[in-house]
Amino acid sequence: MVAKTAGLTAVWRQMSKVDPYAKHYTNLYTKLIGYVLGKLDPNSVKTIAQRTILIDNLIRKINPKVIVEIGAGYSSRSLKFKNIKFYELDLPI
């Protein structure tokens with residue numbers, strides 16, 4: 001279940017155009033399901049987009065040297081913030 005929910009979140013970040021890298025993390029099945037569910041529940045997509053923007057802006061403001069992302073799922077923040085050392089922790093898929 002962990003990978004499925006992370007996949008939906010990645011698809012919704014892609015749908016809302018806040019994460020151009022998210023599409024690379026999910027397979028076709030997850031993309032299709034995520035897109036359909038996102039169209040049926042646009043508020044979830046909006047919430048994920050707002051949360052992503054909020055966290056990214058906070059990272060820009062604080063400008064840390066290291067981030068430990070617990071429950072990273074299909075996060076692509078390490079690709080967006082190349083000047084920060086990321087340690088991404090999650091359960092094995």
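The values are calculated or read from the model by the stated rules, or taken from the named source; none is laboratory data. All of these numbers come straight from a predicted model, not from anything done at the bench. A quick note on method: Cβ atoms are made from the backbone with ideal geometry, for glycine too, and the neighbour counts reach across all protein chains shown. Accessible surface is based on the protein model in full, side chains and every heavy atom, while ligands, DNA and RNA are left aside. Shrake-Rupley method; radii C 1.70, N 1.55, O 1.52, S 1.80 Å.
Rounded to 0.05, the FRET efficiency of the I84 and D41 pair, given R0 = 35 Å and the Cβ-Cβ distance, is 0.65. The length gained by stretching the chain between L58 and K17 to full extension, at 0.36 nm per residue less their Cα-Cα distance, is 12.9 nm. Loop-located trypsin sites (Lys or Arg not before Pro) across segment 1-87 with a Cβ neighbour count of 15 or fewer within 10 Å are K17, K65, K82, with loop assigned by DSSP. A straight Cα-to-Cα reach below 17 Å connects K82 with the lysines K61, K65, residues fewer than 8 places away in its own chain not being considered.
The label point for T5 and the one for H24, both projected 7 Å from the Cα toward the Cβ, are 2.6 nm apart.
For the chain, the solvent-accessible area with a 1.4 angstrom probe is 70 square angstrom per residue. With 18 Å as the cut-off, how large is the P(r) tail for the chain, expressed as percent of Cα-Cα pairs? Result for the distance tail: 45 percent.
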